[in-house]
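*Asks:* Sharing a structure below in structure tokens format, with a few things to ask.
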Amino acid sequence: LSFSSVALGVLVPRRESSSGTGLPLSVEWLADAGRVVMVWITSPVVNLVLFSVSVVFGWVVLVHRLFMFAKHGVQVRPFLPGMQNVVLANIPFVGTGRGGALENASYRAGCSDKMSKSVFRHWVAQSILDFCLIISMRLLFEAGGCPDGYVAWDSGIACASTQRETAAFFGAVAACGWYVWVFLFILRTQNHYPNSELGSDKAPADFYCPFFLISVVQAKVFVAGAAAYAPQSYREAVVLSCCGIAALWLLLFAALRPICCLRLLRWVYVAAMAFTLGVVAAAGVIAAVV
């Protein structure tokens, strides 16, 4: 969906009025989302607000996890015969494991609190953050890159200015915080611990291949970096090429090896990536002709 929206941002003509383009409203919305990814929001104020929100979220997640790490530390102890309900491991980013007999071992998500439950373990929040990953990482990357001599989301901020250096510092730290969320997103979606708050006992354990999930999120970060560092004059071509590379890689990954425990879902992913690759190719051809 993310890659298709970027391609549609090029493929679908922009609306000149509220009457629209005559296409279904859902298509126009996806195209608008793609234009946001490709820095087609020209208002510096709007871009600054989006950048600030991305920075605040990244800093909050990073500081929160580091605080939990400092408070609880990492404790690991070997399992010995006769142990019953003993804490074997306490790792803040992962959780707490208790041992008895192996079949009676339990797992509890570590450092559980309101933020962890509402952000890291709620599927609606996870879905929204996942869709926002490209634009958020693109904004954070842009603070450190100046392909046109100024920050892409505000031409009034020159590369050598104090504003840009400050934004680059806060953006770099926030990017680390977003990667903490990515780690927790992969762990939760993979469902490696189905009997914990971090997983779901309604889905099979190890539902997704972790390497596929890593490929998906890294592909989005890859597209975000392309949008951030490509000069404005040929940004569309660079971003479309990167979307095509990402879609092709995910298509081959899903076609050649199992990505989840359901075969039908695997081929749904294959069909979705093939469709995305077609949309990207069509957008590239139309952009080249126009």
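*Asks:* I'd like the full set of residues that are touching a Lys or Arg at 6+ places or on another chain (Cβ under 6 Å) and either part of a helix (DSSP H, G or I) or open to solvent by 20 Å² or more (accessible area, probe 1.4 Å) (or both), limited to the stretch 133-156. Explain how you work it out, then say what you get.
*Replies:* Of the stretch 133-156, the ones touching a Lys or Arg at 6+ places or on another chain (Cβ under 6 Å) are 133-134, 151.
Leu133, Ile134 - these are the residues of the stretch 133-156 that are touching a Lys or Arg at 6+ places or on another chain (Cβ under 6 Å) and either part of a helix (DSSP H, G or I) or open to solvent by 20 Å² or more (accessible area, probe 1.4 Å) (or both).
*Asks:* Restricting attention to the stretch 164-187, which residues are open to solvent by less than 60 Å² (accessible area, probe 1.4 Å) and within 15 Å of the chain's Cα centre (by Cα)?
*Replies:* Within the stretch 164-187, Ala174, Ala175, Gly177, Trp178, Val180, Trp181, Val182, Leu184, Phe185, Ile186, Leu187 meet the criteria.
*Asks:* Quick one: which of Ala287, Ala282, Ala228, Ala271 is at pLDDT 80 or above, open to solvent by less than 80 Å² (accessible area, probe 1.4 Å), part of a helix (DSSP H, G or I) and touching a helix residue (DSSP H, G or I) at 6+ places or on another chain (Cβ under 7 Å)? Walk me through it before giving the result.
*Replies:* Details: Ala287 fails: at pLDDT 80 or above; Ala282 fails: at pLDDT 80 or above; Ala271 fails: touching a helix residue (DSSP H, G or I) at 6+ places or on another chain (Cβ under 7 Å).
It is Ala228.
Results for (1) modelled with pLDDT of 85 or more; (2) open to solvent by 70 Å² or more (accessible area, probe 1.4 Å); (3) in a loop (DSSP other than H, G, I, E, B), shown as yes or no for each residue.
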{"residue": "Leu213", "(1), (2), (3)": "yes, no, no"}
{"residue": "Val221", "(1), (2), (3)": "yes, no, no"}
{"residue": "Arg235", "(1), (2), (3)": "no, no, no"}
{"residue": "Val239", "(1), (2), (3)": "no, no, no"}
{"residue": "Leu248", "(1), (2), (3)": "yes, yes, no"}
{"residue": "Leu252", "(1), (2), (3)": "yes, yes, no"}
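*Asks:* Has the stretch 190-199 got any residue that is over 24 Å from Cys260 (Cβ atoms) and either in contact with a Lys or Arg (Cβ under 6 Å, 6 or more places away or on another chain) or among the hydrophobic types (A, V, I, L, M, F, W, C) (or both)?
*Replies:* Of the stretch 190-199, the ones over 24 Å from Cys260 (Cβ atoms) are none.
No, the conditions are met nowhere in the stretch 190-199.
*Asks:* Please go through the stretch 42-57 and pick out each residue that is of a type outside the set (A, V, I, L, M) and without any contact (Cβ under 8 Å) to a residue 60 or more places away in the chain.
*Replies:* Taking the stretch 42-57 first, the residues of a type outside the set (A, V, I, L, M) are 42-44, 47, 51-52, 54, 57.
Thr42, Ser43, Ser52 - these are the residues of the stretch 42-57 that are of a type outside the set (A, V, I, L, M) and without any contact (Cβ under 8 Å) to a residue 60 or more places away in the chain.
The values are calculated or read from the model by the stated rules, or taken from the named source; none is laboratory data. Since the model is a prediction, treat every value here as computed from it, not as a measurement. Cβ: placed from backbone, ideal geometry, glycine included. Neighbour counts: every protein chain shown. Accessible surface is based on the protein model in full, side chains and every heavy atom, while ligands, DNA and RNA are left aside. Shrake-Rupley method; radii C 1.70, N 1.55, O 1.52, S 1.80 Å.
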